[in-house]
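A quick write-up on the structure given underneath.
The values are calculated or read from the model by the stated rules, or taken from the named source; none is laboratory data. Owing to the predicted nature of the structure, the values given are computational and were not obtained by experimental measurement. Here the Cβ positions follow ideal geometry from the backbone for every residue, glycine too, while neighbour counts run over all protein chains shown.
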Amino acid sequence: MILRVVLAAVLTAALLAVALPAMADVGANRAESTMDRQLGTLGEELETMVETDDPTVGRGARHVAKLRLPDRSLTSAAVTRLRFLSREEVAVASWRVGDSATSRTRLAGVPVRGAGGGPVTVREPGTHRLVFELRSRAGKPVLTVKRLGGETDA
């Protein structure tokens, strides 16, 4: 009887040792897919705004986006950072899932800046509402981004 209990415990530990890394990979892939899908949609919407609207010095074309940063759970890894920045005069979103490498995706063919001038970073899991506006800076189109309510960093 004791041998069966010990054998069951050893088999359970072995199965967990094999399953836990696989579950972690699945969770990271799920979080990565969630962000890739959301930011792909956002990129399409922002590109349409850039192509169809004129940049203004004051308030002009505006897009409010809802983005959800996954939290750590049994089925998903946590997104620990989402940042909006410009690379080579192009709007880019970068994000990090857990401690993994940073992923990036192109959002629009114009630079993006926080309402205060620099990049915008979101660190908290959950749903965030962001406002993107198409502005004219020194005669060139620029997307500005801020959290609805005015904060540029979370």
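Selection within segment 99-114: residues that are surrounded by fewer than 19 Cβ atoms within 10 Å (Cβ to Cβ) and either under 12 Å from the mean Cα position of the chain (by Cα) or of a type in the set (D, E, K, R) (or both). The member of this set that is modelled with the lowest pLDDT is D99.
Which residues, taken from segment 16-35, are within 18 Å of G98 (Cα to Cα) and either among the β-branched types (V, I, T) or modelled with pLDDT of 90 or more (or both)?
First, the residues of segment 16-35 that are within 18 Å of G98 (Cα to Cα): 20-35.
Of everything in segment 16-35, those that are within 18 Å of G98 (Cα to Cα) and either among the β-branched types (V, I, T) or modelled with pLDDT of 90 or more (or both) turn out to be V26, T34.
Within segment 80-91, does at least one residue satisfy the condition of being within 18 Å of S33 (Cα to Cα) and exposed (fewer than 13 other Cβ atoms within 10 Å of the Cβ)? Within segment 80-91, not a single residue is within 18 Å of S33 (Cα to Cα) and exposed (fewer than 13 other Cβ atoms within 10 Å of the Cβ).
Here R81 passes the criteria (1) modelled with pLDDT under 90; (2) within 9 Å of the chain's Cα centre (by Cα) except the one numbered (1).
Within segment 126-145, the set of residues being at pLDDT 90 or above, surrounded by 14 or more Cβ atoms within 10 Å (Cβ to Cβ), farther than 13 Å from M49 by Cβ and of a type outside the set (A, V, I, L, M, F, W, C) comprises just one member, H128.
Any idea which of R62, R106 is touching a Gly at 6+ places or on another chain (Cβ under 7 Å), under 18 Å from T41 (Cα atoms) and touching a residue at least 24 places away in the same chain (Cβ under 8 Å)? Lay out the reasoning, then the answer.
Details: R62 fails: touching a Gly at 6+ places or on another chain (Cβ under 7 Å).
The unique qualifying residue is R106.
State the number of residues belonging to segment 64-77 that are crowded, with 18+ Cβ neighbours inside 10 Å and within 16 Å of L39 (Cα to Cα). Break it down stepwise before answering.
So in segment 64-77, the residues crowded, with 18+ Cβ neighbours inside 10 Å come out as 67, 69-70, 76-77.
Now narrow it down to the ones that are within 16 Å of L39 (Cα to Cα): 67, 69-70.
Selection size over segment 64-77: 3.
The listed residues are P55, P70, and the only one of them that is without any contact (Cβ under 8 Å) to a residue 60 or more places away in the chain and not acidic (D, E) turns out to be P70.
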